[in-house]
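Here the structure comes first, spelled out in structure tokens, and everything after it is commentary.
Laboratory data are not the source of any read-out in this text; all were calculated from the coordinates shown. Computed from a predicted structure; not experimentally measured. Here the Cβ positions follow ideal geometry from the backbone for every residue, glycine too, while neighbour counts run over all protein chains shown.
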């Protein structure tokens, strides 16, 4: 991870609060937190979970 220049993203209260405004497209609370954090931080989510495409967040499809 370090060699690829990834860095950790600590979960904040702002991220947790943003979960409350998400529509119920996905039932997994951790995935919802990932989406909320990405929205708050204006990040792109890399995932193979097609359900996350229902949220207003940029997605990179990891199935390829």
Length gained when the stretch residue 41-residue 28 is fully extended (0.36 nm per residue, less Cα-Cα span): 2.7 nm
Inter-label distance, nm, simple model (7 Å from Cα along the C-beta direction), residue 56/residue 19: 2.1
Ordering of 14-25, 30-41, 45-56 by packing [mean C-beta count within 10 Å, highest first]: 30-41, 45-56, 14-25
4 °C / 1.567 mPa s Stokes-Einstein diffusion coefficient of the chain, Kirkwood radius on C-alpha pairs, µm²/s: 105
Förster radius 25 Å - calculated FRET efficiency between residue 49 and residue 3 (Cβ-Cβ, nearest 0.05): 0.45
